[in-house]
Amino acid sequence: MTMKIVKHSGSIVDFNRDKLKSSLLKSGADKKVVEDVLQVIEKQVYDGISTKKIYKLAFNLLKKSSHSHAARYNLRAALQLLGPAGFFFEKYIARLFISEGYLAQTNLFLSGKCVGHEVDIAIMKNNYIEMVECKFHAKSETNSDVKVPMYILSRFNDLKDRNHLIFTEKDKISGCWIVTNNRFTADAMTFAHCSGLQLLSWDYPKEFSLQKRIDEGQLYPITCLTTLTLAEKDKLLVQDVILASEIINNTEVLEQIGLSANRVKNVIKEASELCKYL
């Protein structure tokens, strides 16, 4: 009999060994480690177990094998720690665009034709300027529905074709992105496509999703690291240390938040292993 598991949303689905195996392999763990983890989990899975418990079990088993594999497996949960209001998520997304060759400015206030608007990020490449609005969700089951692109489109229309002081004195915003750490509903995607808005979510677009861009660019947030406590991660975020790669050659910032020499060594080791993985 196939075991039934309970998702974050409360819906009940069959336990899918292949899906779990795929997510474990994406962590970078080798096939033997993944098979060992699967065997342990299968012995402990019971009817009605939550996906959260399965995830926690898999995470702890991976951590015994390799901190960096566990950190990579922890990516989606790590993005949810860039809250609570999403301020650090906006900084993180700005870093992502910068890594792809854009110039970026965050936390802007721009005057539209009718009213003023707070803009999360403005990006520029090849003199083409776009606004980026970030929709951060602290819970994995919360998706961005059609009201989100509808609202942002109205703001974009009020701002476009006007001169703004962003990168130069007469910048015009010509495009608009909406980025979320979770997912968009089908109606939200349909409306955005029809309106010419660019969407980026955890798994969309399929070949260039947020998850894939993070893995390919090794843009792992500091919140991924398993060798740091939540309080220590918060201290680093406040000091504008957003990416795990930013501490590899900056031991001073770890010493400043009170880590011992031995812990500094362990954190640097994990970050180095995490960020060299492709």
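The values are calculated or read from the model by the stated rules, or taken from the named source; none is laboratory data. It should be emphasised that the depicted structure is a prediction, and the values quoted were computed from it without experimental measurement. Methodologically, a virtual Cβ is constructed for each residue, glycine included, from the backbone with ideal geometry; neighbour enumeration extends over all protein chains shown. Only protein heavy atoms, including side chains, enter the accessible area calculation; ligands, DNA and RNA are left aside. Shrake-Rupley method; radii C 1.70, N 1.55, O 1.52, S 1.80 Å.
Considering only residues of the stretch 116-152 that are of a type in the set (A, V, I, L, M) and touching a helix residue (DSSP H, G or I) at 6+ places or on another chain (Cβ under 7 Å), which is farthest from W177 (Cα to Cα)? That would be V146. Looking at the stretch 110-131, is at least one residue among the aromatic types (F, W, Y) and under 20 Å from Y220 (Cα atoms)? Checked against the condition, which is being among the aromatic types (F, W, Y) and under 20 Å from Y220 (Cα atoms), the stretch 110-131 yields no hits at all.
Given the options I152, I166, name the one that is among the β-branched types (V, I, T), in a loop (DSSP other than H, G, I, E, B) and modelled with pLDDT of 95 or more.
I166
Would you please name the residue that is farthest from A244 (Cα to Cα), looking only at residues in the stretch 25-77 that are among the acidic types (D, E) and in a helix (DSSP H, G or I)? Across the stretch 25-77, the extreme among qualifying residues is E42. Any residue in the stretch 254-278 that is among the acidic types (D, E) sitting within a Cβ distance under 7 Å of a residue that is open to solvent by less than 100 Å² (accessible area, probe 1.4 Å)? List the pairs, counting only those 6 or more apart or interchain. Hits for this filter: E255/V264; E270/H67; E270/S68; E270/A71; E270/L225; E270/T226; E270/T227; E273/S68.
Which one is farthest from I178 (Cα to Cα) among residues in the stretch 195-214 that are assigned to a loop (DSSP other than H, G, I, E, B) and touching a residue at least 24 places away in the same chain (Cβ under 8 Å)? Before you say what the answer is, go through the steps one by one.
Filtering the stretch 195-214 down to residues assigned to a loop (DSSP other than H, G, I, E, B) leaves 196-197, 202-203, 205, 209.
With the extra rule that they be touching a residue at least 24 places away in the same chain (Cβ under 8 Å), the set shrinks to 197, 202.
Details: L197: 7, W202: 12 Å.
Per the criteria, the residue is W202.
Taking the condition aromatic (F, W, Y), open to solvent by 20 Å² or more (accessible area, probe 1.4 Å) and farther than 30 Å from G112 by Cα, does F208 pass? So F208 fits the description; yes. Evaluation of I178 against the conditions (1) farther than 30 Å from L259 by Cα; (2) outside any strand (DSSP E or B) shows that the sole unmet condition is (2).
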